[in-house]
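Remarks on the structure that follows.
Every number here is computed from the coordinates shown, using simple stated rules; none is lab data. The structure displayed is predicted, hence computed values, not measured ones. Here the Cβ positions follow ideal geometry from the backbone for every residue, glycine too, while neighbour counts run over all protein chains shown.
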Amino acid sequence: MSQTPSLPSLPSRRSVLGGAVAATFALGAGTATATTATAASAERIRPSWPTDFPLPNGFRPEGIAIGSGPYAYMGSLADGSVRRADLRTGEGRTVLAGATGGAATGLKLDRDGLLYISGGVSGSIRVLDTRTNRLTATYQPTTAGFVNDVILYGDRAWFTNSHAPVLYTVPRGKKKGGLRSVPLGGEWEQAPTGISANGIETTPDGRALIIVNSPIGKLFRVDPKTGHATNITLKGAADVVNGDGLLRVGNTLYVVQNRLNLITVFDLDAGARTATLRRSITDPRFDVPTTAARLGNRLYLVNARFTTTPTPDTTYNAVAVPLG
């Protein structure tokens, strides 16, 4: 994700998609995320469900999250609003209003219906109860930065800060405890300016986090207790430059490389010490996709269109790629 999407020199994060995408997913037993991967994988998608549906003009989508039902939540970089779309019809509505200076980048939906929202340049972290469409918590880290993406791990939600070598973590659901900061160290490389940490996931064995560093194109394995980062060895690929959203299904990791209009697919070992290139997914109808979410046999993405100067009339959409 990027707080300055109009500048093509800055890597950031998230037209109709097409092309066959063949993949075999193995759901790993060691995952520590509490997203609805199992329920989502069981969802049967009908061929009549749309693979392309519009978002409001000027929406500037960044993040997408899908729960157990056929609904996707998408956040706006323009004002921080959140929109819910029925994936059976493509019809949507705003469930969280935006405001001047607001932003909604990475999103994750928990089993209890709580949606965790990264605040981008606003620096905020918000929690939305999707059953009532009311905010249940708001956090404001003291470290200046760009709160970019989020993953659910253990009893907390974990957020990246693209402008500082630090992770933020907040309690999930009714768990006690407040906002905490975990500095990144070890082999982590922080750019002097602009974006560094972007997408975040968990390792297959559930013992660590995976973070992509966009400008240098590296994946890091991070100990959530200490923040110690170790470079993940890439096999078959030189780098993952412009790496944005991460999605892991079992031992398969999808790295969305936004401005390259590319999704790179890796096979991970259990501890995510190595990532072996399996294949790449591209399509002429990609328009700077940033984040991917899975439902059944489809991969849903939003086209952020960072190479297009945003205006109130700029068109945006969400798309789906068949998994084969």
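For Thr100 and Ala238, what does the FRET efficiency come to when R0 = 25 Å and r is the distance between their Cβ atoms, rounded to the nearest 0.05?
0.05
Counting only DSSP beta bridges with both residues in the chain, what percent are antiparallel, rounded to the nearest 5?
Details: 85 of 90 bridges.
Just about 95 percent of them are antiparallel.
Kindly flag which residue pairs out of Lys176/Lys218; Lys176/Lys225; Lys108/Lys174; Lys108/Lys235 have an alpha-carbon separation exceeding 27 Å in this structure.
Details: Lys176/Lys218 34 Å; Lys176/Lys225 17 Å; Lys108/Lys174 17 Å; Lys108/Lys235 29 Å.
Lys176/Lys218; Lys108/Lys235, as the Cα separations exceed 27 Å there.
For the peptides 113-122, 279-288, what is the packing order when you average, over each peptide's residues, the other Cβ atoms within 10 Å and list the highest mean first?
113-122, 279-288
Which order do His163, His228 fall in if you start with the one that has the fewest other Cβ atoms within 10 Å? All intermediate terms of the calculation are to be shown ahead of the outcome.
Details: His163 22, His228 18.
Ascending Cβ contact count within 10 Å gives the list His228, His163.
Just how far, in whole angstrom, is region 264-292 from region 72-147 if you go by their alpha carbon centroids?
Cα centres, region 72-147 to region 264-292: 25 Å.
List Leu87, Leu135, Leu219 from most exposed to least, where exposure is judged by having the fewest other Cβ atoms within 10 Å.
Working: Leu87 24, Leu135 13, Leu219 27.
Ranked by crowding around the Cβ, least crowded first: Leu135, Leu87, Leu219.
Any chance you could get the radius of gyration and Dmax over the Cα atoms of region 254-324, in Å?
Every Cα atom of region 254-324 included, Rg and Dmax give 13.9, 46 Å.
With +1 on the Cβ of every Lys and Arg and -1 on the Cβ of every Asp and Glu, and nothing else charged, how large is the dipole of the chain about its Cα centre, in debye rounded to the nearest 20?
About 640 debye.
Of the listed values [x] 34, 27, 17; [y] 24, 23, 20; [z] 32, 22, 22, identify the label whose number matches semi-axes √(5λ) of the Cα gyration tensor in Å calculated from this model.
Identified label for the calculated read-out: [y].
What order do you get for 243-250, 308-315, 50-57 when each peptide is scored by the mean count of other beta carbon atoms within 10 Å, highest first?
Going from most to least packed, we get 243-250, 50-57, 308-315.
Dipole size in debye (nearest 20) for region 82-218 around its Cα centre, Lys and Arg Cβ +1, Asp and Glu Cβ -1?
Magnitude of the dipole: close to 560 debye.
Per-residue HN-Hα couplings for region 45-51, Karplus 6.51 cos²θ - 1.76 cosθ + 1.60 at θ = phi - 60°, whole Hz, x for Gly and Pro?
Using θ = phi - 60°, the values come out as 9, 7, x, 6, 5, x, 9 Hz.
Please list, in order along region 194-211, the HN-Hα scalar couplings obtained from phi with the Karplus expression 6.51 cos²θ - 1.76 cosθ + 1.60 (θ = phi - 60°), rounded to whole Hz, x for Gly and Pro.
x, 8, 10, 5, 9, x, 9, 9, 10, 6, x, 7, x, 9, 7, 10, 10, 10
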